[in-house]
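Throughout, read-outs are computed from the coordinates displayed, never taken from laboratory work. In this text, all values refer to a predicted model and were calculated from it rather than measured experimentally. Positions of Cβ are generated from backbone atoms using ideal geometry, with glycine treated the same way; all protein chains shown enter the neighbour counts.
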C-alpha cells in the first residue's frame, strides 16, 4: 500500500464554474468539480436538517416520482424524506402493486407517469442501464438510486460527504473497502468518486469476491484485513449478499469462516486505534462486523444515514435548476 501526500485541500471549484449536469446516472459522468460542488451544497442542507424546523421550500411546485422496481428501505425513505423536506409533491411507485405486475413494460409505465407532468424521477432497478434508458423516454431529470450491479451514485456521494466530515477532506484519505466487491454497485460508484477526489483506495476480501478487472480502476487489492485496518483512515464494510449464497453459488465455505478472516471485530478496534467504520447497510451483524463494532463510538454508520438526506437534498436541488442554496 503506497504512501500518499498529506495535503488535505479539497478539490478546488474553479472561478466561473457552473453545474451543468441534467441527470445523475452515475459518477462516471461527473467531473471531480461536479462531485465536490454537490458535497459543498450538501453542507448547507445538513445545517438545515439540524434546525428546529428542518424544511426549506426549494422544490415547491415540483413533482417527483420514486420509481422503485427493487426492494429498498434506506434509499427510498431517504429520498422521500429529502423531497418532502424541500416541499416537493411526491408520488411513490412500487412495481409489486402496479400495472407492471400485469405485464406493463418499463417504457409504457414511465411514459404514462410522464404524461402526468412530472419534473424528476428517482429510479431503482435490478437491471444495469435503466436510468440511462429513461432519459430517452421522458424529459424529466433522472436520478439513479441503484441499477443492478452498475452504480449507486447517491450512496457514494453520501459516503464521500461523511468522509469529508471526519477526515477534513476526501483528498489524501486512505479508504479500505472490505467485503463483497464483485456484486456491489456501491463499491463501483465509490471507487470512481473517491479516485476523482484524490483518495487512496484498497479493496479487501476473499479472492472469489474480487473481480479480475478491478485493477483497471486504479485501486490496490489486499487479502489481509489486519494490514488494511492498520493502514486505513476509514474501513468501509460491504454487505455480503446472502441471497447470492442462497442461489447455490458458494463464494466461500461458510459465513463463520468469512467473519473469521474478513469480519471487523472489537479486537481490531483495540489493536488499531485510528480508523473509523462505515457501512452502506443493511448490516449482517456477526458477518461483516461484530455487533459491538456496529454500535461502537468509532462507527459513523448513523452519520451516513443522516448525511444521506442532506446529500440527496443537494442533488435534487441542483438537478431541479438550483445553483446555490
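Table for the structure above
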item: Ordering of 279-290, 308-319 by packing [mean C-beta count within 10 Å, highest first]; result: 308-319, 279-290
item: Most to least packed among 119-128, 230-239, 293-302, 10-19 [average Cβ atoms within 10 Å]; result: 230-239, 119-128, 293-302, 10-19
item: Segment 153-301: C-alpha gyration tensor shape, a/c 1.5 cut-off, then a/b vs b/c; result: oblate
item: Model label zone, residue 271; criterion: amide N under 15 Å from point 7 Å along Cα-to-beta-carbon; scope segment 200-229; result: 223-229
item: Label point distance in nm, residue 117-residue 89, each placed 7 Å from Cα along Cα→Cβ; result: 0.7
item: Extension gain, residue 230 back to residue 212 (0.36 nm per residue minus Cα-Cα distance, nm); result: 4.0 nm
item: Tilt relative to the chain, helix 153-167 - C-alpha long axis, 0 to 90 degrees, to 10; result: 50
item: Backbone N under 12 Å from the residue 55 label point (7 Å along Cα→Cβ), restricted to segment 67-91; result: 84-89
item: Nearest-ten-degree value, helix 301-319 long axis tilted from longest Cα axis of the chain; result: 30
item: Label-point separation, residue 250 to residue 108 (7 Å along Cα→Cβ), nm; result: 4.4
item: Sequence ranges 191-203, 161-173, ranked by mean other-Cβ count within 10 angstrom, highest first; result: 191-203, 161-173
item: Helix 74-85 axis, angle to the chain major axis (alpha carbon atoms, nearest 10°); result: 40
